[in-house]
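These notes concern the structure reproduced below.
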Amino acid sequence: MTTSATRSPVPRDHPASPAARGADGGRHRTSLFTRLFGRQPIGILLAAPYAVFIAVIFAFPIGFAVYMSFTDYYFTAPGVTVPHPFVGLDNYKTVLTDPAVLASFGHIGIFLILNVPLTVALSLGLAVALNRAVHFRTFFRAAYYVPYVTASVAVVAVWLVLFRSDGLVNQILGPLAPDPSWLVNSTWAMPMIALFVTWKQLGFFILLYLAALQNVPKELYESASVDGAGAWRSFRSVTVPGVRQATALVLLLAIVTGANLFTEPYLLTGGGGPDGASTTPVLLMYQQGIQQGKPSTASAIGVVLVILVLIVALVNRRLTERSER
Amino acid sequence: MTAPRTQEGHGSEQDTDRPVPVVVAAVGQGQRWRRFLVMGALFTGAVVFLFPFYYMVVASLQLSPNLTVGGAFPRPGNLTVDNYIQINASLNLWQSLLNSGIFTGGVLLGTVVFGVLGGYALAMLHFRGRGVLFSAMLLVLVVPFQLSMIPLYVLIARDYGLGDTYLGMILPFAINSTAVFIFRQYFLQLPSELFDAARIDGASELRTLWSIALPLVRPALLTAVLLTFIGPWNEFLWPFLITKQQAKQPLAVSLANYISTVQASTANPYGSILAGAVVLAVPAVALFLIFQRHFVSTDLGSGVKG
């Protein structure tokens with residue numbers, strides 16, 4: 001990975017620049033300055049703010065998180081120095097034997113089981129339909145995309161009202177409405193979060209599939225129909241394999257979204273309720289790390305979470321790469 | 001809704017303006033039936049996506065709360081802007097909007113100034129450490145923000161004492177890495193002859209960037225600005241952690257706090273919540289509708305949060 005990443009950003013050469021001509025002339029003629037800082041050292045100056053930003057806001061905090069997860073860290077007033085004793089894997093032991101933490105990872109599992117198939121089926125279906133539509137294409141695209149660009153807090157507010165026990169949805173359902181109502185029902189709370197996220201993000205995936213559909217060669221559809229394939233058959237044998245890349249991306253982004261869930265369990269189900277039925281790891285990180293002042297265990301949850309995400313993402317990538325061969 | 005009527009219209013039209021490959025086999029009755037299915041699915045989808053927004057507006061204008069089916073239709077006698085006055089009294093909407101604006105503006109400024117410089121350097125200049133920086137940028141795009149959430153809170157709120165400040169709010173998002181990535185991709189696509197010519201004429205790198213590269217990547221700038229706008233405007237988790245005083249909270253945070261603490265004391269609690277939701281939703285939705293064609297789905301991937 002490292003090699004490909006370092007090789008890929010090769011910018012185009014500037015043969016006209018004097019520095020480049022010097023380099024062309026042979027390595028022995030390159031000045032020490034050029035060898036130390038590169039052919040266009042002003043690049044260091046231009047990129048410096050971004051590099052410092054990454055170091056301060058990304059690299060250092062992640063190192064700090066890993067450090068905290070191995071120590072007994074607690075908050076103090078600014079300027080007060082207290083020892084943070086090294087406790088080895090104790091925090092990880094605490095976290096991995098805490099039923100609340102394990103349950104929160106299970107809830108992500110429920111989220112993925114519902115979100116991934118629903119997203120793939122609905123967004124691919126609507127993308128195919130949108131691809132065939134003649135009229136109102138712009139209107140549909142905009143309509144599907146609006147939830148995606150709207151703040152979660154704003155749409156959560158509407159869902160809260162719609163799915164109240166005396167809300168519109170239950171008024172329509174009448175006796176079919178679950179009791180207790182959707183968001184305060186321990187069976188329905190997590191599926192509701194999954195449904196909400198699926199609904200909110202579907203527009204993004206519809207446009208993703210729509211773009212992928214443009215890259216499926218027309219000839220494949222023609223030969224499929226020559227071979228006597230019906231609409232459903234050519235959808236299964238041409239369209240579905242043709243958009244496999246997009247489907248892999250759905251899975252990957254669903255995993256990242258699931259790992260990041262916070263606003264929905266915090267607001268939609270009132271803090272991971274009822275009775276912890278819709279907690280997520282990030283919600284627990286907030287509750288333990290900031291509300292209860294235990295940043296060490298919160299960091300341990302974070303490290304476990306990111307390791308899991310990276311493992312699942314790698315497995316996902318392996319699987320999709322293999323099936324392409 | 002209007003699906004059947006639209007369908008009749010379609011049946012008589014030619015196939016020639018169809019923009020996409022379709023299976024050609026079926027004709028006549030089967031074709032018409034399939035078109036009906038397609039338009040029906042699309043309209044059903046649009047209703048499912050838009051209804052909550054419609055309901056948000058209608059219910060935010062109700063004088064007395066009406067959660068029944070009839071409440072989904074506006075009645076002239078039951079319309080009011082009281083809910084907006086109510087939420088403004090509880091939250092100080094203007095202050096919250098101003099906070100959201102400063103938070104978003106700070107992120108935009110940082111991204112446009114330093115993100116463009118970084119993207120240009122990554123695309124165009126040979127310098128030591130470019131490969132490392134590029135790999136770091138890709139890592140930022142992949143690793144979830146949540147891992148650094150607790151240490152950032154410790155550092156920014158506790159160690160640096162930046163809790164309840166705009167700077168503390170802006171800092172973790174100051175340069176949007178997705179935008180840097182987009183800038184770099186666009187700079188890479190520019191013809192190199194232009195830059196060679198500028199260098200021969202003795203233009204400095206900054207001058208080249210300002211007078212040649214930037215005017216050519218204006219569409220990319222707009223796309224990056226739009227998606228950078230939506231991120232902090234909708235962001236909830238970080239400003240929620242870092243601001244405790246309501247006077248410093250962006251609208252997403254103050255509205256969320258209002259939702260989780262609102263009592264039945266007000267005449268129409270849902271109405272005022274939804275009025276706040278409308279105010280929070282309108283700027284982002286309006287920008288999206290105005291600049292729709294600049295929202296490219298592949299660019300948005302990791303740029304939009306919240």
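Identify all residues within the range A:116-130 that are open to solvent by 10 Å² or more (accessible area, probe 1.4 Å) and either touching a Phe, Trp or Tyr at 6+ places or on another chain (Cβ under 8 Å) or in contact (Cβ under 8 Å) with a residue 24 or more places away in the chain (or both); write none if there are none.
A:Val116, A:Leu118, A:Val120, A:Leu122, A:Leu124, A:Leu126, A:Val128
Per-residue answers, yes or no, for (1) within 9 Å of chain A (Cβ to nearest Cβ); (2) modelled with pLDDT of 85 or more; (3) open to solvent by 40 Å² or more (accessible area, probe 1.4 Å); (4) out of contact with any helix residue (DSSP H, G or I) (no Cβ under 9 Å at 6 or more places or on another chain):
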residue: B:Tyr84; (1), (2), (3), (4): no, yes, yes, no
residue: B:Leu98; (1), (2), (3), (4): no, yes, yes, yes
residue: B:Arg128; (1), (2), (3), (4): yes, yes, yes, no
residue: B:Gly131; (1), (2), (3), (4): yes, yes, no, no
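Out of all the residues in the range A:184-241, which are β-branched (Val, Ile, Thr), assigned to a helix (DSSP H, G or I) and either open to solvent by 40 Å² or more (accessible area, probe 1.4 Å) or within 30 Å of A:Ala277 (Cβ to Cβ) (or both)?
From the range A:184-241, those β-branched (Val, Ile, Thr) are A:184, A:187, A:193, A:197-198, A:206, A:216, A:226, A:238-240; that's our starting set.
From the residues that got through so far, the ones that are assigned to a helix (DSSP H, G or I) too are A:184, A:193, A:197-198, A:206, A:226, A:238-240.
Residues satisfying the conditions are A:Val184, A:Ile193, A:Val197, A:Thr198, A:Val226, A:Val240.
If A:Leu118 satisfies every condition in (1) within 7 Å of chain B (Cβ to nearest Cβ); (2) under 15 Å from A:Thr198 (Cα atoms) but one, which is the exception?
(1)
So which of A:Val146, A:Val156 ends up being in a helix (DSSP H, G or I), more than 7 Å from every other protein chain (Cβ to nearest Cβ) and within 27 Å of the chain's Cα centre (by Cα)?
After ruling out the rest, the residue left standing is A:Val156.
Please determine whether any residue of the range A:276-284 is within 17 Å of the chain's Cα centre (by Cα), within 10 Å of another protein chain (Cβ to nearest Cβ) and without any contact (Cβ under 8 Å) to a residue 60 or more places away in the chain.
Yes - at least one qualifying residue is present in the range A:276-284.
Out of the residues in the range A:247-266 meeting the condition of being touching a residue at least 40 places away in the same chain (Cβ under 8 Å) and open to solvent by less than 10 Å² (accessible area, probe 1.4 Å), tell me which one is nearest to A:Glu219 (Cα to Cα).
Selected residue: A:Val250.
So, in the range B:232-253, how many residues would count as being among the small types (Gly, Ala, Ser) and open to solvent by 10 Å² or more (accessible area, probe 1.4 Å)? If you could, list the steps in order and put the result at the bottom.
Going residue by residue through the range B:232-253, those that are among the small types (Gly, Ala, Ser) are B:247, B:252.
Keeping just the survivors that are open to solvent by 10 Å² or more (accessible area, probe 1.4 Å) gives B:247.
Within the range B:232-253, residues that are among the small types (Gly, Ala, Ser) and open to solvent by 10 Å² or more (accessible area, probe 1.4 Å) number 1.
Return yes or no: is A:Gly270 of a type outside the set (A, V, I, L, M, F, W, C), outside any helix (DSSP H, G or I) and either out of contact with any Cys (no Cβ under 9 Å at 6 or more places or on another chain) or assigned by TED's automatic domain parsing to the domain that holds A:Asn115 (or both)? Break it down into steps so the answer makes sense when it comes.
Working: of a type outside the set (A, V, I, L, M, F, W, C): yes; outside any helix (DSSP H, G or I): yes; either out of contact with any Cys (no Cβ under 9 Å at 6 or more places or on another chain) or assigned by TED's automatic domain parsing to the domain that holds A:Asn115 (or both): yes.
Judged against the criteria, A:Gly270 is a match.
Please give the helices (runs of 4 or more DSSP H) falling wholly within the range A:38-112 in which 1 or more residues are away from chain B (no Cβ under 12 Å). Please lay out each step first, then the result.
On the way: elements: A:42-54, A:60-69, A:90-96.
Filter on the range A:38-112 gives A:90-96.
What are the pairs, 6+ residues apart or on separate chains, where a residue within the range A:229-241 that is touching a residue at least 12 places away in the same chain (Cβ under 8 Å) has its Cβ under 7 Å from a residue that is small (Gly, Ala, Ser) and open to solvent by less than 50 Å² (accessible area, probe 1.4 Å)?
A:Ser234/A:Ala224; A:Ser234/A:Ser225; A:Ser237/A:Ala224; A:Ser237/A:Ala229; A:Val238/A:Ala224
Quick one: would you say A:Arg244 is touching a residue at least 40 places away in the same chain (Cβ under 8 Å), more than 9 Å from every other protein chain (Cβ to nearest Cβ), open to solvent by 10 Å² or more (accessible area, probe 1.4 Å) and not β-branched (Val, Ile, Thr)? So that I can check it myself, show each step before the final result.
On the way: touching a residue at least 40 places away in the same chain (Cβ under 8 Å): yes; more than 9 Å from every other protein chain (Cβ to nearest Cβ): yes; open to solvent by 10 Å² or more (accessible area, probe 1.4 Å): yes; not β-branched (Val, Ile, Thr): yes.
Spelling it out, A:Arg244 is indeed touching a residue at least 40 places away in the same chain (Cβ under 8 Å), more than 9 Å from every other protein chain (Cβ to nearest Cβ), open to solvent by 10 Å² or more (accessible area, probe 1.4 Å) and not β-branched (Val, Ile, Thr).
Of the residues B:Ile87, B:Ile150, which single one is in contact with a Ser or Thr (Cβ under 6 Å, 6 or more places away or on another chain), under 30 Å from B:Gln245 (Cα atoms) and not assigned by TED's automatic domain parsing to the domain that holds B:Leu190?
Values: B:Ile150 fails: not assigned by TED's automatic domain parsing to the domain that holds B:Leu190.
Going through B:Ile87, B:Ile150 in turn, the sole match is B:Ile87.
Given B:Tyr160, B:Tyr153, which one is within 11 Å of chain A (Cβ to nearest Cβ) and surrounded by 15 or more Cβ atoms within 10 Å (Cβ to Cβ)? Give the steps one after another, and end with the answer.
Details: B:Tyr160 fails: surrounded by 15 or more Cβ atoms within 10 Å (Cβ to Cβ).
On inspection, the qualifying residue turns out to be B:Tyr153.
Given the criteria under 30 Å from A:Asn185 (Cβ atoms) and not β-branched (Val, Ile, Thr), does A:Ser223 qualify? I'd like the intermediate steps shown before the answer.
Working: under 30 Å from A:Asn185 (Cβ atoms): no; not β-branched (Val, Ile, Thr): yes.
Answer is no for this residue.
The values are calculated or read from the model by the stated rules, or taken from the named source; none is laboratory data. These figures come from a predicted structure and were not determined experimentally. FYI the Cβ positions are ideal-geometry reconstructions off the backbone, even for glycines, and counts take in every protein chain you see. Surface accessibility is based on the protein's heavy atoms, side chains included, excluding ligands, DNA and RNA. Shrake-Rupley method; radii C 1.70, N 1.55, O 1.52, S 1.80 Å.
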